[in-house]
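Input: a single structure, listed below in structure tokens.
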Amino acid sequence: MKDPELRSASHTPLIALVGNPNAGKTSVFNRLTGAHQKVGNYPGVTVEKVEGSFRLPSGTVRCVDVPGLYSLEPKSEDERVAVQVIEGSEPGLETPDLLVYVLDAGNLERNLYVFSQLAEVGRPMLVALTMVDRLKRRGVAIDIPQLEQALGVEVVPVVAHRGENVDRLREAIERNLQAPRVPELKFDLPTALEANANVFHDRLSRAGIDYDLSQTRAALVRPSEEFLNFLKITPELEEPFLEARRELTQESVAGRYHWAATVQKAVQTRSSDPARKSLTDKIDRFLTHRVFGLLFFVGVMYLVFQSIYTFAGPLMELIDGAFGALGEWAGRFLEGSPVLQSLVVDGIIAGVGGMIIFLPQILILFCFIAVLEGSGYLARAAFLMDRLLGWCGLNGRAFIPLLSSFACAIPGIMSARVMPDAKSRLATILVAPLMSCSARLPVYVLLIGAFIEPQFGAGWAGFTLFAMHFLGLLLAIPIAWALNKRVIRGRQLPFLLELPPYQWPRVKDVLLAMYFRGKVFVKVAGTIIVLMSIVIWALSYFPRSEAADAHYAADYRNKFEPEAPDEAGLEAYIGEKRLENSFLGRFGRTIAPVFAPAGFDWRITTAILCAFPAREVVVASMGILFQLGGDVDEESTDLRDKLQRATWPDGRPLMTPWTAVGLMVFFALCCQCMATLATVKRETNSTNWAVFMFCYMTGMAYLGAVLIHQIERLVT
Amino acid sequence: MAAVAEFKPLSFSHLRQGMTVRIVRVDARCEDALRLQEMGLTAGTTFAVLKVAPFGDPIEIDVRGYRLCLRKRETSCFELEAVSA
């Protein structure tokens, strides 16, 4: 076993980092493994699986960062997974050879509670004691040898963020892998157990269950599935039994805390006045103040929003330009074969570019989240906001995903993982894309510029823009409430929000968080988006032939030519006819009657269809469909003119301010973004939720547009 | 002396910043009772109310040396009494 080659060949040891949330686990993990990490999902659930590896003198060690837990009696999905990993019953992961328990020295009692439960699992353990430095600054010292004696395992103090003692931790891991130590804690059985066991022993035998005293005891402590089923058909025993179990549980929790308090008293010495205000107290006097706290919160959120909305802009333009140039460059090589050229330029390069363009927003948002979370402010903001978001089944933490979604739903949905409760998290993910993202803005600008501003003035134009942004938020709240009540199953967890002491966020942790978020997005969302882009490209490209093009050109000459030869006009005309006769265009014509109740013709219908993969292409599609070519933007006066003058075949104007508002409402509510759907599928680990979201949003958008057109018909 | 007469049950709306409160009893039938106790809020524990959130709910408390947020809904699992105002 001493030979490193031999050991790594036979078995790479697995260690698991276990601990309370906020104990500093991630920092320790990042220090141990650096960038050698793999981020994925545990099978079948949405819990993130973070694995890494590092080298010891004796060979490579694998390390899994187990989700934080408050108890081994799991309440959340995260905790269920954590318990399974610890006990070795998680599929695809062997039983860890060593549990490294990350123990927050500043929160000894509660951290020792979980330790006392872990000790009973009977696995080799080692304790990494964090936050010792901060405790020392507050005049509190921990007697390490005493603590080691109380716990029965080795204790290594680490200051993870400065990398202090991480080498000592590695050495200790090495030592404990060679010579494992299993903690031995002795708890007295709750006194209530003996009394209850006697009572139930009698009652069970009278009910025909032949349990001896120790079996009865076992059933009281941890009843089997079979036994619980038996109770269900024996109502006269069920209630007293459950009552007895509650009593036992209460006693055993109290017993463990009593032990934890005793250990804390024995190992902690305080040299300063306990009434002295800590730095966190001083900061919190302002940051959770009912006036200053809210002002500061609004300021921080404004900064976050501005950063995603505005500061990401130049980077996104840079990416856009780079992919444009790449497309041109690649296009020149493929001039000989137009189909291949269009596939590469309009399908693949445009598709990849359309996805990569979200990266700046994702990275900026996750930089902020890592800083806010690492510093401890995120929890304060959730505390301030909980009342506003809590009543509809969300909670205070939902403000980050919702606010971010006003810039872009993709980072917003990804950031919903700041919410530990699976139920509120899912509700937040499902309503986040209703927030009006920056990609909807061009549609609003185009239509407001063409139909609202000229007729009603700048005041109403501004109001309409605001109303479109407000609409999603207004609908999101009742929808979240309804989803929580009716659609999403499972029980909501109590809102147990811990407010950790403030600390400086660690640059390394922030950078790693950004790196892994970006990587996950590119890998998972990327493949789906590129595939779908190619499919949509094909639908809007084929069928295409030289003969058809010649036919369109002849058509154009017959209609307009005698006046003056116009190359650009001819090209735009052919472009429009090609799209009109493509599979997508034909489909648009076929389903145009469906959109007739909303007052949309086949051109608007086709533009809507083109925009399903990504709504921002709608302006370019409209340019093609209204014979201006694809090179138009939302400020284009030509396109505004065309829209204002467009008519139905019978000469009625195609669009009125009403239909313009209807179309804007459609875009505000519709789920037209493949990247969002791909992200939802990944984050919820379920295709069904992505499909559900697509259906409910698109359905609402359709109903909204129809409703507005029908009101128009009634009042005009 | 008359401990029973002195006992004044506290409801959530009575909790004010700066109060010290003792948990007299935990209602074990309350859905969240187990988790709340596992967070250290066992019968007999005292905690200090550090802050009431701007909109009246939740509250921030100091229990067993750490800071925790509690919503009104969760405090209904407890029977509380004021130790000092």
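Label separation (residue B:55 vs residue A:688): 3.1 nm, computed from points 7 Å beyond Cα along the C-beta direction. The label-point distance for residue A:36 and residue A:162, in a model that sets each label 7 Å from Cα toward Cβ, rounds to 2.6 nm.
The alpha carbon centroids of the stretch A:289-314 and the stretch A:676-716 are separated by 29 Å.
How high is the FRET efficiency from residue A:270 to residue A:710, r the C-beta distance, R0 60 Å, rounded to 0.05? Kindly include the intermediate steps, with their values, before the conclusion.
Details: r = 72 Å, r/R0 = 1.21.
For R0 = 60 Å, the calculated efficiency reads 0.25.
Calculated on the alpha-carbon coordinates, the convex hull of the stretch A:642-716 measures out at 103 cubic angstrom per residue.
Relative to the longest principal axis of the Cα atoms of chain A, the long axis of helix A:458-482 lies at roughly 40 degrees. If one computes the Cα centroid of the stretch A:516-554 and of the stretch A:379-418, what distance in Å separates the two points? Rounded to whole Å, the Cα centres lie 34 Å apart.
The equivalent ellipsoid that matches the C-alpha gyration tensor of the protein assembly as shown spans semi-axes of 58, 31, 26 angstrom, in descending order. What is the distance in Å between the Cα centroid of the stretch A:192-265 and that of the stretch A:569-613? First find each Cα centre; the distance between them is then 69 Å.
Counting Lys and Arg as +1 and Asp and Glu as -1 over every other residue whose Cβ lies under 15 Å from the Cβ of residue A:509, the net charge comes to +4.
Using a simple charge model, +1 on the beta-carbon of Lys and Arg, -1 on the beta-carbon of Asp and Glu, nothing else, what dipole does chain A show about its Cα centre, in debye to the nearest 20? Before the final figure, lay out each step's value.
On the way: 70 positive and 73 negative charges, 287 e Å.
Around 1380 debye, computed over chain A.
Estimated from the Cβ-Cβ distance and a Förster radius of 30 angstrom, the FRET efficiency linking residue A:311 and residue A:463 is about 0.65. Projected label points at residue A:489 and residue A:474, each 7 Å from Cα along the beta carbon direction, are separated by 3.5 nanometres.
If exposed means no more than 13 neighbouring beta carbons inside 10 Å and the site is in a DSSP loop, what's the longest run of chain A without any exposed chymotrypsin sites (Phe, Trp or Tyr not before Pro)? List each step's numbers first, then the result.
Details: sites that count: A:187, A:391.
Longest run free of exposed loop sites: A:392-716.
Dividing the convex hull volume of the alpha carbon atoms of the stretch A:448-526 by its residue count gives 266 Å³ per residue. For chain B, the pair-distance distribution built from all alpha carbon pairs, in bins 5 Å wide starting at 0, is 3, 15, 28, 28, 16, 8, 2, 0 percent. For the pair residue A:136 and residue A:348 in one chain, pulling the backbone fully straight at 0.36 nm per residue adds 70.6 nm over the alpha carbon distance. Of the residues A:679, A:399, A:54, the one whose Cα sits farthest toward the positive end of the charge dipole of the protein assembly as shown, with +1 on the Cβ of Lys and Arg and -1 on the Cβ of Asp and Glu, is A:399. Only residues of the stretch B:62-85 count here: report those whose backbone N is under 16 Å from the spot 7 Å along Cα→Cβ of residue B:27, or say none. Zone members listed by number: B:71-81. 3J(HN,Hα) along the stretch A:243-255, derived from phi through the Karplus expression 6.51 cos²θ - 1.76 cosθ + 1.60 where θ = phi - 60°, amounts to 4, 5, 5, 4, 4, 4, 4, 4, 5, 6, 4, 4, x Hz, with x in place of Gly and Pro.
What is the antiparallel percent of DSSP beta bridges lying wholly in the protein assembly as shown, to the nearest 5? Each step should come with its number before you reach the end.
Working: 40 of 58 bridges.
Percentage antiparallel, nearest 5: 70.
On the principal axes of its alpha carbon atoms, the stretch A:323-403 extends 63, 28, 11 Å, with the longest extent given first.
Which pairs in the list A:559/A:642; A:38/A:523; A:265/B:72; A:186/A:265; A:577/A:642; A:136/A:282 are over 21 Å apart, alpha-carbon to alpha-carbon? Provide the component values of the computation, followed by the final result.
Working: A:559/A:642 18 Å; A:38/A:523 12 Å; A:265/B:72 32 Å; A:186/A:265 18 Å; A:577/A:642 17 Å; A:136/A:282 18 Å.
Flagged as over cut-off: A:265/B:72.
Calculate I(q)/I(0) for the stretch A:203-352 by the Debye formula, one identical point scatterer on each C-alpha and no solvent, and give its log10 at q = 0.12, 0.16 Å⁻¹ to two decimals. Log10 of I(q)/I(0), two decimals: -0.79, -1.01. Couplings for the stretch A:498-505, taken from phi via the Karplus curve 6.51 cos²θ - 1.76 cosθ + 1.60 with θ = phi - 60°, read 8, 10, x, x, 5, 7, 6, x Hz in order; Gly and Pro are left as x.
Extent of the stretch A:509-655 along its three principal axes (Cα atoms, max minus min coordinate, largest first): 69, 36, 30 Å.
If exposed trypsin sites (Lys or Arg not before Pro) are those in a DSSP loop with at most 11 other Cβ within 10 Å, what is the longest stretch of chain A that has none? Walk me through the numbers before you get to the answer.
Numbers: sites that count: A:2, A:186, A:276, A:277, A:489, A:491.
It runs A:492-716.
For residue A:481 and residue A:328 in the same chain, what is the full-extension length gain: residue separation times 0.36 nm, less their Cα-Cα distance, in nm?
50.2 nm
The Cβ shell under 15 Å around residue A:661 holds other residues with a net charge of 0, Lys and Arg each +1, Asp and Glu each -1.
Read-outs throughout are calculated quantities, based only on the coordinates presented, and are distinct from any laboratory measurement. Because the structure is a prediction, the values reported are computed rather than measured. Don't worry about glycine lacking a Cβ; one is built from the backbone with ideal geometry, like all the others, and counts go over all protein chains shown.
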